[in-house]
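The values are calculated or read from the model by the stated rules, or taken from the named source; none is laboratory data. Fair warning: this is a prediction, and the values are worked out from it, not measured in the lab. All Cβ positions, glycine included, derive from the backbone under ideal geometry; neighbour counts span all protein chains shown.
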Amino acid sequence: MAQNLRNRLQQIRKANKAEAVSRPEAINVSLFQWNSEWNSKQNSEWNSAGYQVLRRSIRMELPFSIPPVFPPSLSIIVNDLYRYGSIPSPEDLVFFDLETTGLSGGAGTVAFLGSFGRLDAAGEGGLLVEQYLLLDYPGEGDFVQVMVDEFAPTPDGSNPPVMVSYNGKSFDSQILHTRCLMKGVRIPEYSHADLLHPSRRLWKNILPNCSQSTIEVSILGLDRTGDIPGALAPDIWFSFLKSNDNRELLGICEHNEKDIIGLSHLFLSLTEISFDPLRAGKKINFDEESLALHWDRITKKNLLYCGDTERKRALKLLENAYRKGFKGAAFCLAMNYLKGGDPIKGRSLLGEITQDDSSGSSIRASAYTALAIDAEWRLRDISLALSYASTALAIPGLDEGCIYEMERRHSRLEEKIEKPRP
């Protein structure tokens with residue numbers, strides 16, 4: 001039977017046979033050892049940030065520029081920004097990532113490493129990363145508190161920060177909330193922009209998986225050679241508690257730092273796509289049909305920031321995807337024409353779809369259904385509408401739900417022909 005976290009930590013401490021040291025100077029290894037190990041790689045130093053807690057600051061150049069403002073269309077791609085109430089400025093963003101003792105979100109899972117990255121668009125440029133490391137379980141109270149302090153309001157004090165994470169809504173934020181409750185620390189207020197769902201929308205049909213590291217390497221071109229997998233973080237931290245050997249733990253710190261760099265790069269790449277999707281598509285590989293369909297769907301909801309410019313752009317994205325042979329985009333484009341003042345063009349495109357076997361049975365059936373509705377209600381030609389419905393029913397491979405709806409339409413149209421209105 002698996003041992004709980006407390007028992008495991010107690011056994012590690014017994015095996016270590018380290019002499020207990022009183023608060024507040026208790027650190028398992030000297031700062032000299034930590035900094036001598038690390039300075040060979042980076043110009044940064046660890047400092048004490050509380051009982052059994054270390055902190056270091058790293059400033060680095062980014063291989064891409066930081067725009068002074070973000071476009072309103074960014075909220076179309078990163079839908080979480082609608083909840084913020086305005087488009088954030090670069091200084092409002094805090095990139096956030098945790099390393100923990102497990103992959104579950106239960107009360108037994110502890111965060112031992114947290115990183116916070118901020119863009120410096122107005123100053124020297126680049127990215128500033130603050131990293132906090134928990135050296136032993138008794139220091140968790142201080143560790144949680146210094147992390148919560150990073151959730152301070154934006155510089156003008158008007159809004160909470162926008163925390164940017166990857167799958168953080170389901171994991172990192174839940175861990176943080178749980179540890180705040182366990183340690184009696186007030187849960188911070190913040191807005192949350194999780195980049196997992198926008199990433200899946202753009203890359204799930206292109207990549208074998210949508211892990212952050214896969215996107216960084218395959219799409220963004222970042223180099224993570226020699227990186228220690230994050231899945232090894234729990235064992236490495238427990239091994240450190242047992243041996244006080246910090247070499248592998250420093251590797252996890254470097255891995256976590258790279259996650260923050262990759263997260264900032266990903267966010268700015270999504271920003272570039274939102275500025276001009278057609279232009280960005282020549283540089284960044286993404287699912288153009290998925291983006292076009294999503295852009296069209298969001299702009300039709302008349303949400304905040306979706307004006308005429310973005311609605312026109314939705315049409316251009318659909319036209320671009322149609323020219324590249326995407327069948328779902330072709331159908332959506334036809335429906336836009338049909339309902340948007342160009343029914344002749346819409347009917348022509350729907351007819352093209354019905355004759356294209358490569359469109360798939362479902363899309364072809366949808367096109368016939370749209371033509372049947374148009375014939376019935378716009379053209380007032382019941383016989384033509386019935387012909388479209390009959391042809392749709394003859395398409396092989398339709399699912400039962402689709403067949404049921406079409407049979408109902410077919411029967412109703414037959415009744416209209418048999419019993420015409422007086």
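The residues of the range 275-295 that are in a helix (DSSP H, G or I) and crowded, with 17+ Cβ neighbours inside 10 Å, listed by number, are Pro277, Ala280, Glu288, Glu289, Ser290, Leu291, Ala292, Leu293, His294, Trp295.
Filtered by the rule that a residue be closer than 12 Å to Val148 by Cα and of a type in the set (Ser, Thr, Tyr), the range 160-194 gives Ser173, Tyr190. Restricting attention to the range 379-389, does a residue exist that is farther than 19 Å from Glu415 by Cβ and either assigned by TED's automatic domain parsing to the domain that holds Glu352 or within 37 Å of the chain's Cα centre (by Cα) (or both)? No: zero hits. In the range 218-229 there is no residue that is within 19 Å of Asp172 (Cβ to Cβ), touching a Leu at 6+ places or on another chain (Cβ under 9 Å) and modelled with pLDDT of 95 or more.
Taking helices (runs of 4 or more DSSP H) as the structural unit, no element lying wholly within the range 347-422 holds at least 2 residues that are basic (Lys, Arg) and in contact with a Leu (Cβ under 6 Å, 6 or more places away or on another chain).
Exactly one residue out of Arg364, Arg409 is over 28 Å from Trp295 (Cβ atoms) and either touching a Ser or Thr at 6+ places or on another chain (Cβ under 7 Å) or outside the structural domain of Ser73 (by TED's automatic domain parsing) (or both), and it is Arg409. Regarding Glu248, is this residue at pLDDT below 95, within 30 Å of Asp136 (Cα to Cα) and not aromatic (Phe, Trp, Tyr)? Yes; evaluated as a whole, the condition is true for this residue.
Evaluate the following for Glu272: is it assigned by TED's automatic domain parsing to the domain that holds Leu98, closer than 15 Å to Glu216 by Cα, not aromatic (Phe, Trp, Tyr) and not in a loop (DSSP other than H, G, I, E, B)? Considered against the rule, which asks whether it is assigned by TED's automatic domain parsing to the domain that holds Leu98, closer than 15 Å to Glu216 by Cα, not aromatic (Phe, Trp, Tyr) and not in a loop (DSSP other than H, G, I, E, B), Glu272 comes out as no.
For the range 324-346, a residue qualifies if it is closer than 28 Å to Lys282 by Cα and in a loop (DSSP other than H, G, I, E, B), and the qualifying residues are Lys324, Gly325, Phe326. Kindly indicate the residue of the range 145-169 that is out of contact with any strand residue (DSSP E or B) (no Cβ under 8 Å at 6 or more places or on another chain) and not charged (D, E, K, R) and also modelled with the highest pLDDT among those meeting that condition. Here the answer is Val148.
A count restricted to the range 35-63 and to residues that are at pLDDT 70 or above and either within 16 Å of Tyr132 (Cβ to Cβ) or touching an Asp or Glu at 6+ places or on another chain (Cβ under 6 Å) (or both) stands at 16. Residues in the range 83-111 that are in a helix (DSSP H, G or I) and surrounded by 15 or more Cβ atoms within 10 Å (Cβ to Cβ): Tyr84, Pro90, Glu91, Asp92. Of all the listed residues (Leu393, Leu333), the sole one being aliphatic (A, V, I, L, M) and at pLDDT 95 or above is Leu333.
Report yes if some residue within the range 70-88 is within 30 Å of Glu310 (Cβ to Cβ), among the charged types (D, E, K, R) and at pLDDT 75 or above; otherwise report no. Scanning the range 70-88, I find at least one residue that is within 30 Å of Glu310 (Cβ to Cβ), among the charged types (D, E, K, R) and at pLDDT 75 or above, so the answer is yes.
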